[in-house]
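**Q** Can you read through this structure? Questions will come right after.
The values are calculated or read from the model by the stated rules, or taken from the named source; none is laboratory data. For clarity, every value in this text was computed on a predicted model and none was experimentally measured. When we count neighbours, we look across all protein chains shown, and the Cβ atoms used for this are built from the backbone with ideal geometry, even at glycine.
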């Protein structure tokens, strides 16, 4: 059977897909030296977020034919190097959309209702916090979206349906969207929105897309939410506006460096909700994503058409 390296163990349901189809090997030592040794004779890699498949690793894997990501992003794969070698890079777009959208809404509500502040205060015996008057209602507020692909569109739908929110968005790849007012530039979104949520992939072009200029356009009672990738936001600039009190707070599932350093200032703000890049790690989502990633490898080995190939165009596949 074809040997397949798993960068980490996957859900039992995903392992069941692989059973008797391939020979799965789980990586236990993520040092570069060991990874290069382990990939020497594998035909496939099922990749989670714990390692990066770099050009160096790809060069050490002469038999490698497919890299299957357990997620919608491929920023931990050197796609250019893989494409040069004719290696398929697959991901699982759309599979995690609902889970990420739900987490985005949970963070939005947590910020609006000051749940982190309230929880801490009650735990410290400060029952009078209930009269602080800091919580706000979401009903009728303006949601600003950066990117309205699968996840952004779903966030918009849920917010409109549940809270009657006005939704505005910036996405240069979208010409029209039902129930969403499209903005011609990012400035408009940051000036007008009460809650701004980011839903774009990380690329060289989107590095620090949200910078000091945009953050300083935000209203003082507005919140920023990022459940996409940490490096989309200039953390230094975000820390500055939070310290100045020029925005109301932020909700972050992702950081520029993960895990963040214990001394990262973003971890000490009462008005910042942080989660450990877990928006797509609900029990249901993990199972679906791992099954999909495993099935891609099995389909490839058995000669079937693959559903999601990230570098399909570059490889000029039909």
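**Q** Taking the stretch 261-280, which residues are on the phi < 0 side of the Ramachandran plot and either in contact with a strand residue (DSSP E or B) (Cβ under 8 Å, 6 or more places away or on another chain) or touching a residue at least 60 places away in the same chain (Cβ under 8 Å) (or both)? Steps first, please.
**A** Our first condition is that a residue be on the phi < 0 side of the Ramachandran plot; within the stretch 261-280, this holds for 261-276, 278-280.
If the condition is that a residue be on the phi < 0 side of the Ramachandran plot and either in contact with a strand residue (DSSP E or B) (Cβ under 8 Å, 6 or more places away or on another chain) or touching a residue at least 60 places away in the same chain (Cβ under 8 Å) (or both), then 266, 267, 269, 270, 271, 272, 273, 274, 275, 278, 279, 280 are the ones that fit.
**Q** Given the structure, is residue 166 touching a strand residue (DSSP E or B) at 6+ places or on another chain (Cβ under 7 Å), touching a residue at least 24 places away in the same chain (Cβ under 8 Å), under 18 Å from residue 108 (Cβ atoms) and surrounded by fewer than 20 Cβ atoms within 10 Å (Cβ to Cβ)? Let's see the steps before the verdict.
**A** Numbers: touching a strand residue (DSSP E or B) at 6+ places or on another chain (Cβ under 7 Å): yes; touching a residue at least 24 places away in the same chain (Cβ under 8 Å): yes; under 18 Å from residue 108 (Cβ atoms): yes; surrounded by fewer than 20 Cβ atoms within 10 Å (Cβ to Cβ): yes.
So residue 166 fits the description; yes.
**Q** I would also like to ask the following. Could you pull out the residue among 58, 87, 66, 46 that is surrounded by 20 or more Cβ atoms within 10 Å (Cβ to Cβ), at pLDDT 95 or above, out of contact with any helix residue (DSSP H, G or I) (no Cβ under 6 Å at 6 or more places or on another chain) and over 24 Å from residue 200 (Cβ atoms)?
**A** Testing whether each residue is surrounded by 20 or more Cβ atoms within 10 Å (Cβ to Cβ), at pLDDT 95 or above, out of contact with any helix residue (DSSP H, G or I) (no Cβ under 6 Å at 6 or more places or on another chain) and over 24 Å from residue 200 (Cβ atoms) leaves just 87.
**Q** Quick check on the stretch 8-21. Is at least one of its residues surrounded by 15 or more Cβ atoms within 10 Å (Cβ to Cβ), assigned to a strand (DSSP E or B) and in the same structural domain as residue 75 (by TED's automatic domain parsing)?
**A** No; the residues of the stretch 8-21 include none that is surrounded by 15 or more Cβ atoms within 10 Å (Cβ to Cβ), assigned to a strand (DSSP E or B) and in the same structural domain as residue 75 (by TED's automatic domain parsing).
**Q** Please go through the stretch 229-263 and pick out each residue that is within 20 Å of the chain's Cα centre (by Cα), in a loop (DSSP other than H, G, I, E, B) and over 19 Å from residue 213 (Cα atoms).
**A** 229, 253, 254, 255, 257, 258, 259, 260, 261
**Q** Mind counting the residues in the stretch 22-38 that are more than 15 Å from residue 295 (Cα to Cα) and either part of a loop (DSSP other than H, G, I, E, B) or modelled with pLDDT under 95 (or both)?
**A** Going through the stretch 22-38, the residues more than 15 Å from residue 295 (Cα to Cα) turn out to be 25-38.
Of the ones still in play, those that are also either part of a loop (DSSP other than H, G, I, E, B) or modelled with pLDDT under 95 (or both) are 27-31.
So the answer is 5.
**Q** Please work out which residue is nearest to residue 218 (Cα to Cα), limiting yourself to the stretch 232-272 and to residues that are loosely packed, with under 11 Cβ neighbours inside 10 Å and in contact with a helix residue (DSSP H, G or I) (Cβ under 9 Å, 6 or more places away or on another chain).
**A** My answer is 243.
**Q** Here is a further query. Just to check your reading of the model, which residue among 316, 295 is assigned by TED's automatic domain parsing to the domain that holds residue 24 and either at pLDDT 95 or above or assigned to a loop (DSSP other than H, G, I, E, B) (or both)?
**A** The match here is 295.
**Q** Here is a list: 154, 161. Which entry is more than 30 Å from residue 264 (Cα to Cα), touching a helix residue (DSSP H, G or I) at 6+ places or on another chain (Cβ under 6 Å) and part of a helix (DSSP H, G or I)?
**A** Details: 161 fails: touching a helix residue (DSSP H, G or I) at 6+ places or on another chain (Cβ under 6 Å).
Being more than 30 Å from residue 264 (Cα to Cα), touching a helix residue (DSSP H, G or I) at 6+ places or on another chain (Cβ under 6 Å) and part of a helix (DSSP H, G or I) holds for just one of 154, 161, which is 154.
**Q** A further question on this structure: Which members of the stretch 110-147 meet the condition of being surrounded by 15 or more Cβ atoms within 10 Å (Cβ to Cβ), in contact (Cβ under 8 Å) with a residue 12 or more places away in the chain and part of a helix (DSSP H, G or I)?
**A** Residues satisfying the conditions are 110, 111, 112, 115, 116, 117, 118, 129.
**Q** Still on this structure, please answer the following. Looking only at the stretch 92-104, count how many residues are surrounded by 19 or more Cβ atoms within 10 Å (Cβ to Cβ), in contact with a helix residue (DSSP H, G or I) (Cβ under 9 Å, 6 or more places away or on another chain) and part of a helix (DSSP H, G or I).
**A** Number of matching residues: 5.
**Q** Let me ask something else. For the stretch 280-290, state whether one or more residues are at pLDDT below 95 and within 20 Å of the chain's Cα centre (by Cα). So that I can check it myself, show each step before the final result.
**A** Going through the stretch 280-290, the residues at pLDDT below 95 turn out to be 280-281.
Subsequent filtering for residues that are within 20 Å of the chain's Cα centre (by Cα) retains 280-281.
Scanning the stretch 280-290 turns up at least one residue that is at pLDDT below 95 and within 20 Å of the chain's Cα centre (by Cα).
**Q** If you scan the stretch 220-247, which residues turn out to be more than 15 Å from residue 75 (Cβ to Cβ) and in contact with a strand residue (DSSP E or B) (Cβ under 7 Å, 6 or more places away or on another chain)? Reasoning before the result, please.
**A** Of the residues in the stretch 220-247, the ones more than 15 Å from residue 75 (Cβ to Cβ) are 220-225, 234-247.
If the condition is that a residue be more than 15 Å from residue 75 (Cβ to Cβ) and in contact with a strand residue (DSSP E or B) (Cβ under 7 Å, 6 or more places away or on another chain), then 222, 223, 224, 225, 234, 238, 242, 247 are the ones that fit.
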